[in-house]
Amino acid sequence: MKFLKTGHVLLLAIITSFVLYACSDSSTGPDPDPDPQIVGYLVQIEGVEIFRYEDGAYIFNNSPAVSEFVFNNTFMLSTSHQGGNLVRTSAEEEEIGGRRYFTPSIFARFIYDNGDVVELPEERVPGASGDVSGDELNPDGNYRLNVSWNAPHMQRGANIEQHGSDQSWGFHIRADFVGTAGMTLRLDRCDDVESIESVSGENHRVDQIRNCNVEEVTVFEASSPLPITIDQYDLAGENGAFPHNRFERTR
């Protein structure tokens, strides 16, 4: 009888251990996604969200604080709407590149499928002098912001400028022609960045060109373009062109 009791205790201990192990193993559930999917992005100016792209749609912030950037569910470029939001280049810059009209720095931040904002590294590390030609490659900077448009370069209403101080995730939208434009934002990844080359371009600007040893992979692309309205400007020529040289800065 004593043997039977001891056996029962031993058997019960084995069963209990097995059940506890099974419950412990199953309670953790599936492993968290090691590579969350990027499903959208938001755009900020001076830390304030202007709009976000999510679930295939653009959702605009309609608060009075950003009214100069939003008009009829489009992104507005204007010298007059709600006080205007375009900045003109200085007289010194006009001498080398022609007058240009563009927005303040715009910063794009990408969104995971769980709603969190992606903290992407810069693709380059600023040089000590602050000159973009002295920038160094960031070994963790495999991601790159790219933009496509719904019209050829010299025919669309807006273009992109990306200055050294904007780093990888900032840019300016420049007004070129009165009318409309459609901008589609894309995020690419290069798993083997060789170098970032500084190339002197026309009008003394410096373009940053990333050299990738393998074909870049697109990890996110908006399914539809962002509608941009370029408002009437009193100095625009007969063809509606803003009075400046038009070129596109890339990095």
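Among residues belonging to the range 151-162 that are surrounded by 19 or more Cβ atoms within 10 Å (Cβ to Cβ) and in a loop (DSSP other than H, G, I, E, B), point out the one that is modelled with the highest pLDDT.
Going through the qualifying residues, I end up with GLY157.
For ALA181, state whether it is at pLDDT 90 or above, of a type in the set (A, V, I, L, M), closer than 30 Å to GLN232 by Cβ and more than 12 Å from the chain's Cα centre (by Cα).
yes
Here are some residues: THR103, THR89. Which one is hydroxyl-bearing (Ser, Thr, Tyr) and modelled with pLDDT of 90 or more?
The unique qualifying residue is THR103.
For the range 98-122, name all the residues that are more than 26 Å from ARG189 (Cα to Cα), of a type in the set (D, E, K, R) and assigned to a strand (DSSP E or B).
The answer is none; no residue qualifies.
What are the pairs with Cβ atoms under 6 angstrom where one residue, in the range 67-81, is at negative phi and the other, located anywhere, is in a strand (DSSP E or B) and of a type in the set (Val, Ile, Thr)? Sequence gap at least six, or different chains.
Listed pairs, sorted by first residue: PHE69/ILE50; PHE71/THR229; THR74/THR229; PHE75/ILE228; MET76/THR229; LEU77/ILE230.
Checking the conditions here, which among SER223, SER148, SER165, SER200 is exposed (fewer than 12 other Cβ atoms within 10 Å of the Cβ), more than 17 Å from ARG100 (Cα to Cα) and modelled with pLDDT of 90 or more?
After applying the criteria, what remains is SER223.
Could you check the range 72-83 and list, in sequence order, the residues that are modelled with pLDDT of 90 or more and either surrounded by fewer than 17 Cβ atoms within 10 Å (Cβ to Cβ) or basic (Lys, Arg) (or both)?
ASN72, ASN73, GLN82
The values are calculated or read from the model by the stated rules, or taken from the named source; none is laboratory data. Everything numeric in this text was worked out from a predicted model, so none of it was measured. Quick reminder, even Gly has a Cβ in these numbers, built from the backbone with ideal geometry, and neighbours come from all protein chains shown.
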